[in-house]
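Every number in this text was worked out from the coordinates using simple rules, so none of it is lab data. Computed from a predicted model, the values in this text were never measured in an experiment. Heads up, the Cβs are rebuilt from the backbone with ideal geometry, glycines too, and the neighbour counts pull from every protein chain shown.
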Amino acid sequence: MSEQKLQSQTVQTTGHAWDGDLQEYNNPLPVWWVYTFYATVVFALVYWTIYPSWPFGKGWIGGVSNITYVNSEGETRTHSWNTRALLMTDMNQAAVAQKPYFDKVAAMPYEQIAQDPDMSGFIISAGKSLFAENCAACHQAGGQGVIGFFPNLTDDDWLYGGSYEKIHETLLGGRRGYMPAFSEVLNGEQIDQLANYVASLSGIGHDADKATAGDVLFHSETAACFYCHTSDATGRQDMGAPNLTDNIWLWADVPAASTAEGKVAAIRGVISGGLNKGVMPAWSGRLTPEQIKVLTVYVHELGGGQ
Amino acid sequence: MQTGLEDQLGLYQKRIPIFTRSVKGRFRRFKTSVLVLAYAIYFLLPWLPWSRLDAPAQAVLFDLPGRRFLIFGLTVYPQDVIWLALLLFIAAILLFFVTGLVGRAFCGYFCFQTLWTDFFIWIEHKVQGERPARVRLYRQPWDREKVLKVGGTHALWLLASLWTGLTFIFYFAYAPQLLVDFFTGQAAAAAYITVGILTLSTYVAAGLMREQICTYVCPYGRFQSVMYEPETLAVHYDARRGEAAHGRAAARAGQRTLAERHEKGLGDCVDCGLCVQVCPVGIDIRDGLQYKCISCGLCIDACNTIMDSFNFPRGLIRYDSERNLASPTPAAPTLKWKRLKTIGYGVALVLMSTYLVYSVATRGNFDRAVNQIRQPLYVVLSNGDIRNRYQIRITNKASQEQTYVISARGIPAAALDLGNFSEVTIKSGHSALVQASVRLPPVVAAQTQQFELIITPLGKSAEARTENVRFDAPGKRP
Amino acid sequence: MNFNFKHEWIETNIGLMAVLTMLAISVGGLVEIAPLFFIDKTIEKVEGVRPYTPLEQRGRDIYQREGCYLCHSQMIRPFRDEKLRYGHYSLAAESQYDHPFQWGSKRTGPDLARVGGKYSNEWHVQHLVAPRSMVPESVMPNYPWLQSTLLDISDTTNRMKALRKVGVPYSLSQPEYDANVTQFGETVARQLHIPDAQENLVEQANFGNYDGDPSGISEMDALVAYLQVLGTMVDFSKYTDDAFVEFR
């Protein structure tokens, strides 16, 4: 009670009363608070001076802090502080740190990169992150692909060739696989015969009579399979026509089918419907030549390189 | 009303300065020898030379940029962190073990806070004199003498703190070079920051805060009570003997001899107060065992001196167990270790120390890790063969370059393909990654659950190490 | 410092208080937002950015309808990690015809500002139908109905008219069309002509066959067409890597 009296004597009120007797003290702000506020004002002034701040005419005041960087043309430029210029310096620094490795990658032939223990370590780590970022969405983290969609990069069968040069070519320009839908030119029986023939090439359970008929059809002008897959059905890498005589399946999910009938049916599906989905994007615009070279060696070393 | 109470108590208690009297005796001698030994090791070790091929000639060098710790002839790599973990475990168990036996021996004799405080008090004593002189100086106004003496003390403390901080960083680089670099402004920023922090913290902790570190900051002081047992030996005041029926009393005329005192029902304590004056944490041990007591034994020394001068038997304050003191017929204090806890800790200590020594003694000259590529776990090749791939990482821990040869056992020799590296040469302290693949025909693959990869340092077949690795094939389930 | 000022004036006059409050809080907007409309360098001067074609625009509508923006941003910030992962940072110019923009700040999934051309159409179709068949660790929901639902193209012109009202240069009249020809070239201008919108949409969908099913125009066609154009309009190889630094 006495304390209240004391305070009401020393502290001003705002001078108005609500509901007859409700008054409001006009206490000063705590000193630390006031000075902190002044400090923020000073901070703002300093900040305005250093960094871009006020709009001015058709532009703005850039502030006194500058960033100097080297651009892709090799010109040294200075610009008032901003995040885009900051990115330039960041990229410059990173480029300097990585340059020895990327220069070596650019200068060395593929075989030599793969045989240099230091470079091999760099390829494994840099390639892994490049692969994860750009390739794994389709070919999966380990490069094993998805049957029916994207080829396995770890086996020894290649649609377009597994040499360093061919892998490089695929990465640069992309690929587009195509096989016409044979349901438009062949009847169901003929397609079944072809499917049995293809199955027989890989030693899958099949109907021998149908396979024999399929063999003839395969090499005839009616179906003309041999144009792309060659007459011994080993495929043509220059057009991405797969080898039909090995155990590797991409478009027809033969391994998933448990019965011989199922396997033949999967092959029949591909022959009948054709394929227009073997699309590999071109990476030349997205990745630098050195990055593509790193990926080339990385993919080659995934196990299937030839 | 509340305001008044707060004013009285304050938010924390103001430190009452403690001016310890120096004392002579067994425990003082022990403390001094521990101090000298510990300081000799800490301050001189970085200057001990040790010839090395690939590193500065320093016996103990924590080479952080090189990711290795050179300790005499031993090189420890970060992957040996298990040794550090083990060492810390051993230290913790040792602490529990010792505390269970003889109380806070670590606090009283070995803790760096105690050592540095002891050293700082010694400096204070040398500059300002014995306790009465220091109390007088404290009360005296700030005249020339006080400014000189107190200023000199603090200057010496700061110097000692600086050298403490410097010595710490000497462990992380070649000391003679670093010393020069430090004072010529050439050392790394981290060096200056570390020295700055350590100088300041040493000065504040050992010079200004002293016992408050033990009382308020150190957690160990607070959880010691759970490690004490009734049989634990600790610094105790024998209250039964000291107080008797009518309490302690000064040795005035007529109560100077034991016979006179016992006749009057007085205890053996002559209330000289010396035990309080020598105490570095400023407690009165006669109030019983308390959490502030760091068990330094100085009060024992002080009391024994007085007992001797009166020709009373020693041991009014002594190491004794709670149980013995409370027993109706106290025996001579003995170390009782035949308890489950003590034996348990002891066994753990012996086992862990043995393992640590064994592990360090039989360390290999290289580390290896074999990881099977998990995605994909296996690949079916065009002719039906199954291939598994492995990443082999070899780290050369030897002090010179070494070539390693990788071979396989349990699979046909031709099945192992090491790609481009049939053997790999690794610099000291470096590691290399080798990609290996194993290709087996389906029939063999189905029968091969696992095989062995053998990594042999070239020319040192005795050091070969074998790793068991899995081989996966379709349709095979673990 | 006594101006004879009393709290009471404001505190007892709610109208005055509302006005003053409004003034106080609009300062931030006036200083930070309003000038952007008058500053020359707000939108980068860059070639190639055009309004979406009818099919892409319908895909964008589906993108919004399905709430893709709740998990995917379309805004690559000028940081090294983002540049390495997603590509060139986004330009203001690239979203100048976006109403509303899809910048976003929540990335449960990756940024999509430059997803165009990164993956094949087949990948997008399969991924939208069953994301985990493509990316095992994905938490994205399945959107199988996109493939089976035919795109409702009847209101395409109305949607474009609405966008025209908020400033997208879709043309209704011949002069507007001619202006578009000048600005974007004839091929693009034809796509932006509202009266031909339905025809253009059907043509693009049939030619592109984005969902791999030639039988009809599904919502998948539209969405994939939209995703495949994201971030591809500007050819950055025409510019030095610091060409856009001055625009900030």
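Could you compute how fast the protein assembly as shown diffuses translationally, taking Rh as the Kirkwood radius over C-alpha pairs and applying Stokes-Einstein at 20 °C with viscosity 1.002 mPa s? Give it in µm² per second. Intermediate values should be presented prior to the final figure.
Working: Rh = 38.5 Å.
The calculation lands on 56 µm²/s.
Enumerate the aspartates and glutamates that B:K292 could reach by cross-link, defined here as Cα to Cα under 12 Å, with residues fewer than 8 away along the same chain left out.
Cross-link targets: B:E211, B:D284.
So which of A:K210/A:K277; A:K104/A:K128; C:K106/C:K165; A:K166/C:K238 end up more than 20 Å apart, counting from Cα to Cα?
Details: A:K210/A:K277 29 Å; A:K104/A:K128 18 Å; C:K106/C:K165 29 Å; A:K166/C:K238 28 Å.
As for pairs spanning more than 20 Å Cα to Cα, those are A:K210/A:K277; C:K106/C:K165; A:K166/C:K238.
Would you look at the GNM of chain A, springs on alpha carbons closer than 10 Å, and say which of A:T14, A:T49, A:T40 moves the most?
A:T14
What ranking do B:C299, B:C293, B:C272 get, fewest neighbouring Cβ atoms within 10 angstrom at the top?
Working: B:C299 28, B:C293 24, B:C272 17.
Lowest to highest Cβ neighbour count: B:C272, B:C293, B:C299.
Quick one: among A:A39, A:A97, A:A266, which has the greatest mean-square fluctuation in a GNM of chain A with alpha-carbon springs under 10 angstrom?
For chain A, modelled as a Gaussian network with Cα springs under 10 Å, the answer is A:A39.
How big is the charge dipole of the protein assembly as shown about its Cα centre, in debye rounded to the nearest 20, if each Lys and Arg gets +1 on its Cβ and each Asp and Glu gets -1 on its Cβ?
Working: 93 positive and 98 negative charges, 1335 e Å.
Value, rounded to 20: 6420 debye.
Please give the charge dipole size of chain B, origin at the Cα centre, charges +1 on K and R Cβ atoms and -1 on D and E Cβ atoms. Round to the nearest 20 debye.
Values: 53 positive and 35 negative charges, 111 e Å.
Around 540 debye, computed over chain B.
Choose one of B:C107, A:G203, B:Y216: the residue whose Cα lies farthest towards the positive end of the charge dipole of the protein assembly as shown (beta-carbon charges +1 Lys, Arg; -1 Asp, Glu; about the Cα centre).
Final value for the positive-end residue is B:C107.
Rg and Dmax of region B:64-138, Cα atoms, in Å?
Cα only, region B:64-138: 20.0, 58 Å (Rg, Dmax).
Can you report the principal axis dimensions of chain B using only the alpha carbons, biggest first, rounded to whole angstrom?
Answer, in whole Å and largest first: 112, 62, 56 Å.
At 222 nm, what value in deg cm²/dmol follows for chain B if DSSP H runs of at least 4 each add -39500 (n - 2.57) and the sum is divided by all its residues, to the nearest 500?
Numbers: 16 runs with 189 residues, N = 478.
-12000 deg cm²/dmol, from helical runs alone.
If contacts are Cα pairs under 8 angstrom and at least 6 residues apart, what is the relative contact order of region C:54-233 in percent?
Numbers: 259 pairs, mean separation 59.3, N = 180.
After rounding, I find 33 percent.
Residues of A:125-137, mean number of Cβ from any other protein chain within 10 Å of their own Cβ, rounded to a whole number?
Details: counts 1, 0, 0, 0, 2, 1, 0, 0, 5, 3, 0, 3, 10.
For peptide A:125-137, the averaged partner shielding equals 2.
Give the residue from C:V49, A:V64, B:L316 lying farthest towards the positive end of the charge dipole for the protein assembly as shown; charges sit on Cβ (+1 for Lys and Arg, -1 for Asp and Glu) and the dipole is referred to the Cα centre.
B:L316
If you rank A:T245, B:T403 by fewest surrounding Cβ atoms within 10 Å, what's the result?
Numbers: A:T245 17, B:T403 13.
Going from sparsest to densest Cβ surroundings: B:T403, A:T245.
May I ask you to work out the translational diffusion coefficient for region B:376-451 at 25 °C, viscosity 0.890 mPa s, via Stokes-Einstein with Rh from the Kirkwood sum over Cα pairs, reported in whole µm²/s? Walk me through the numbers on the way to the answer.
Values: Rh = 13.7 Å.
Once the numbers are plugged in, D ends up at 179 µm²/s.
Roughly what % of Cα-Cα distances in region B:171-287 sit above 21 Å, to the whole percent? Intermediate results must be reported in sequence, preceding the final value.
Working: 4404 of 6786 pairs.
Summing the P(r) tail past 21 Å for region B:171-287 gives 65 percent.
Running Debye on region C:143-204 with equal point scatterers at the Cα sites and no solvent, what base-10 log of I(q)/I(0) appears at q = 0.22 Å⁻¹?
At q = 0.22 Å⁻¹ the computed log10 ratios are -0.87.
Across region B:12-226, how many lysine pairs, 8 or more positions apart or on different chains, have C-alpha atoms separated by under 20 Å? Please give the number. Please report the intermediate quantities before stating the final value.
On the way: B:K24/B:K126; B:K31/B:K126; B:K126/B:K146; B:K126/B:K149.
Here the count comes out as 4.
Computed over the Cα atoms of chain A, what is the ratio Rg over Rh, Rh following Kirkwood? If you can, show how the numbers build up before the last one.
Values: Rg = 35.5 Å, Rh = 25.9 Å.
Reported Rg/Rh, Kirkwood definition of Rh: 1.37.
Under a GNM of chain A (C-alpha, springs under 10 Å), which listed residue has the highest mean-square fluctuation: A:N71, A:N276, A:N92?
Result: A:N71 has the largest fluctuation of those listed.
For region B:303-417, report the translational diffusion coefficient in µm²/s to the nearest whole number, using Stokes-Einstein at 4 °C, 1.567 mPa s, and a Kirkwood Rh over Cα pairs. Present the calculation step by step, with values, prior to reporting the outcome.
Details: Rh = 22.3 Å.
Here the translational diffusion coefficient equals 58 µm²/s.
Using a 4.7 Å cut-off between beta carbons, which cysteines in chain B end up with no partner cysteine at all?
Cysteines lacking a close Cβ partner in chain B: B:C107, B:C111, B:C214, B:C218, B:C269, B:C272, B:C279, B:C293, B:C296, B:C303.
What is region B:12-226's relative contact order, in percent, from Cα pairs under 8 angstrom and six or more apart in sequence?
On the way: 164 pairs, mean separation 46.2, N = 215.
Once divided by the residue count of region B:12-226, the mean separation gives 22 percent.
Below 8 Å between Cα atoms, with a sequence gap of 6+, how large is the relative contact order for chain A in percent? Walk me through the numbers before you get to the answer.
Details: 410 pairs, mean separation 56.6, N = 306.
With pairs under 8 Å counted, the relative contact order is 18 percent.
For region B:405-478, give the magnitude of the charge dipole about the Cα centre (Cβ charges: +1 Lys/Arg, -1 Asp/Glu; no others), in debye to the nearest 20. Working shown, then result.
Details: 8 positive and 6 negative charges, 30 e Å.
For this selection, approximately 140 debye.
For a distance above 25 Å, tell me the whole-number percent of Cα pairs in region C:124-248 that qualify.
Details: 3288 of 7750 pairs.
For region C:124-248, the fraction of Cα-Cα distances above 25 Å is 42 percent.
Quick one: Karplus J couplings for region A:136-149, per residue in order, coefficients 6.51, -1.76, 1.60, θ = phi - 60°, nearest Hz, x for Gly and Pro?
In residue order, the calculated couplings are 5, 4, 9, 7, 6, 3, x, x, 7, x, 9, 4, x, 10 Hz.
With just the Cα atoms defining each centre, how far is region A:267-306 from region B:66-140? Give it in Å.
Answer, in whole Å: 64.
So which chymotrypsin sites (Phe, Trp or Tyr not before Pro) in region A:196-242 pass both tests, a DSSP loop state and at most 16 other Cβ atoms within 10 Å of the Cβ? Don't jump to the answer; show the numbers that get you there.
On the way: sites: A:Y197, A:F218, A:F226, A:Y227; in loops: none.
Passing both the DSSP loop test and the Cβ count: no residue.
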